[in-house]
Amino acid sequence: MNSQWRPESPYNKLPPPPEATRLETRAVLKAAANAREALGRLDVASSAIPNPTVLINSIPLIEAQASSEIENVVTTTDDLFRHAENDANADPATKEALRYRTALRTGFALAQQRGLGITVATQVCGLVKGHDMDFRTLPGTRIGNPITGEIAYSPPEGKELISEKLTEWERFIHAKNGMDPVVRMAAAHYQFEAIHPFTDGNGRTGRILNILMLTDSGLLKQPLLYLSRYFIQTRADYYRLLLEVTANNAWEEWLVYVLEGVAQTSFETASKIADIRRLQEEFAHQARAISRSSADSEFLSLLFEQPYCRISNVVDRCGVTRPTATTWLNSLVKGALLTEFKAGREKLFINHKLLFVLGSK
C-alpha cells in the first residue's frame with residue numbers, strides 16, 4: 001500500500017516512474033516481446049499497401065472515434081467520413097472526434113520536427129479541445145469512480161508543481177537507460193494520466209502520446225495503431241489498473257495489460273489493413289469491368305482515400321471536366337460499387353464496402 005497517497009488529497013508527491021530494473025520483470029519483458037513482434041507485422045502491413053494515403057486518412061479517424069467514445073463523445077464512422085473534409089454542418093460530437101484526428105496528425109508532424117515532449121503534449125491537447133490549453137492553476141480537481149461516484153484520485157495541484165512533474169515525465173520518455181520502448185510507453189502513459197496536467201482532454205491527449213512514442217522510437221513509421229478500442233473494451237480494467245499503480249505500486253499488472261493491448265490491437269489493425277488491400281484489388285477489377293474510365297488509377301485511389309467522394313474531388317484529382325467526373329461516378333453507382341447520397345444541393349458518392357470494412361470490429 002502506498003502510504004503517501006490518499007484519494008481525496010492532491011497527490012503532490014507523485015514520484016517519477018521506476019528504473020528499468022524495477023519495471024522490466026520477466027512477465028513484462030515477455031509481453032513486450034510479443035508487442036514488438038506484433039508492431040513489426042503492423043509496420044510491414046502498412047508499408048506494403050500501394051497507396052498509404054488510404055491508411056493515413058482512415059485509421060486515424062477510426063482511432064478518433066474510439067478515443068472520443070471513451071470520453072462519452074459518441075459519433076459514427078459514417079458521420080466522421082461524411083464530414084472529414086468540411087465539418088461546418090457536423091454535430092458537436094463529430095466535430096470533437098475530427099479534432100482528435102487533426103491533433104494526432106499535427107502531433108506526429110510536430111514530434112518529428114521538434115521532438116516529443118511537453119510542448120507537443122500541450123499543443124496536442126489544444127487541438128483536441130479546439131482552443132489553447134495551459135496547465136491547471138485552480139485547486140480542487142478530483143477524479144471520481146464512474147460507477148460509485150466516490151473520489152478515486154486527486155492529481156497534483158499547482159502550475160509550478162505540474163510543470164515539474166511533466167519535466168520528470170519528459171526526462172523519462174527520453175532517458176537513455178536501455179528500457180524497452182513499449183514498456184517505456186506504457187509506464188509514461190500512467191505517469192501522464194496521473195499528472196493530469198490540463199483541465200480537460202488529458203485522456204485523449206495521453207492516448208495520442210502513446211502512438212507518438214511508438215513512432216518516435218521507430219517501432220511504427222506512421223501513427224496507425226488503433227489502441228483506443230482496446231481501452232473501450234476493457235474500460236473497467238483500464239481504470240482499475242491505473243489506480244492500482246497509484247495505490248499499490250502494481251506496475252507489472254498495468255504494464256502487461258497495456259502491452260497485451262498493443263499486441264492485440266496491432267494484429268487487429270494489420271488484419272484490417274489486409275482487408276482494405278483485398279477490397280482495393282477486388283474493387284479495381286470490378287470497376288474496370290464496368291467502365292473503361294475506371295482504369296484511371298488516380299480515380300480508383302481517390303475512392304479509397306475519401307470514402308465520401310464529391311464530383312469536385314474527381315475533377316481536381318483527375319483533371320477531367322465535371323460531366324466526365326459525373327459519368328465516371330454514375331457508372332460505378334449503376335454497378336453497385338458506389339452509393340449515391342444527396343446532402344443538400346451536393347451529391348456524395350459513398351464507397352460503402354470500404355466503410356463496412358473500416359467500421360467492422
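The values are calculated or read from the model by the stated rules, or taken from the named source; none is laboratory data. Note that the coordinates shown come from a computational prediction; the quantities given were computed from them, not determined experimentally. In this analysis, Cβ positions are derived from the backbone assuming ideal geometry, glycine residues included, and neighbour counts consider all displayed protein chains.
For every residue, the table says whether it meets (1) part of a helix (DSSP H, G or I); (2) closer than 30 Å to Leu161 by Cα; (3) out of contact with any helix residue (DSSP H, G or I) (no Cβ under 6 Å at 6 or more places or on another chain).
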| residue | (1), (2), (3) |
| --- | --- |
| Ser3 | no, yes, yes |
| Pro10 | no, yes, yes |
| Thr21 | yes, yes, yes |
| Glu37 | yes, no, yes |
| Val44 | yes, no, yes |
| Leu55 | yes, no, no |
| Pro60 | yes, no, no |
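Return the pairs, sorted by first residue and then second, in which the second residue is in a helix (DSSP H, G or I) and acidic (Asp, Glu), the first residue lies in segment 87-104 and is on the phi < 0 side of the Ramachandran plot and surrounded by fewer than 22 Cβ atoms within 10 Å (Cβ to Cβ), the beta carbons are less than 9 Å apart, and the residues are 6+ apart or on different chains.
Final answer for the pair search is Ala90/Asp79; Asp91/Asp79; Ala93/Asp79.
One line per residue, one yes/no per condition, for (1) loosely packed, with under 13 Cβ neighbours inside 10 Å; (2) assigned by TED's automatic domain parsing to the domain that holds Asn248; (3) under 20 Å from the mean Cα position of the chain (by Cα):
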site: Gly117; (1), (2), (3): no, yes, yes
site: Leu127; (1), (2), (3): no, yes, yes
site: Asp134; (1), (2), (3): no, yes, no
site: Leu138; (1), (2), (3): yes, yes, no
site: Thr141; (1), (2), (3): no, yes, no
site: Tyr153; (1), (2), (3): no, yes, no
site: Glu157; (1), (2), (3): no, yes, no
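Among the residues of segment 317-361 satisfying the criterion of being touching a residue at least 24 places away in the same chain (Cβ under 8 Å) and touching a His at 6+ places or on another chain (Cβ under 9 Å), which is farthest from Ala287 (Cα to Cα)?
Among them, the one singled out is Leu338.
Does segment 234-265 hold any residues that are buried (at least 22 other Cβ atoms within 10 Å of the Cβ) and modelled with pLDDT under 95, and which are they?
Thr265
Considering only residues that are buried (at least 20 other Cβ atoms within 10 Å of the Cβ), under 26 Å from Ser9 (Cβ atoms) and of a type in the set (Val, Ile, Thr), which ones fall in segment 174-232?
Ile195, Thr205
Among Val258, Val262, Val245, which is more than 17 Å from the chain's Cα centre (by Cα) and aliphatic (A, V, I, L, M)?
Val245
Counting only residues that are surrounded by 17 or more Cβ atoms within 10 Å (Cβ to Cβ), aliphatic (A, V, I, L, M) and modelled with pLDDT under 95, how many does segment 21-49 have?
Total meeting the criteria: 2.
Those residues that are modelled with pLDDT of 90 or more and farther than 12 Å from Trp328 by Cα, I need them from segment 285-300; list them, please.
His285, Gln286
Could you grab me the full set of residues in segment 82-104 that are of a type in the set (S, T, N, Q) and modelled with pLDDT under 80?
Asn86, Asn89, listed by residue number.
From the set of residues in segment 291-302 that are exposed (fewer than 15 other Cβ atoms within 10 Å of the Cβ) and of a type outside the set (Lys, Arg), which is nearest to Arg322 (Cα to Cα)?
Glu298
Consider Leu29 carefully, then state whether it is touching a residue at least 24 places away in the same chain (Cβ under 8 Å), in a helix (DSSP H, G or I) and more than 25 Å from Ser360 (Cβ to Cβ).
Yes, satisfied.
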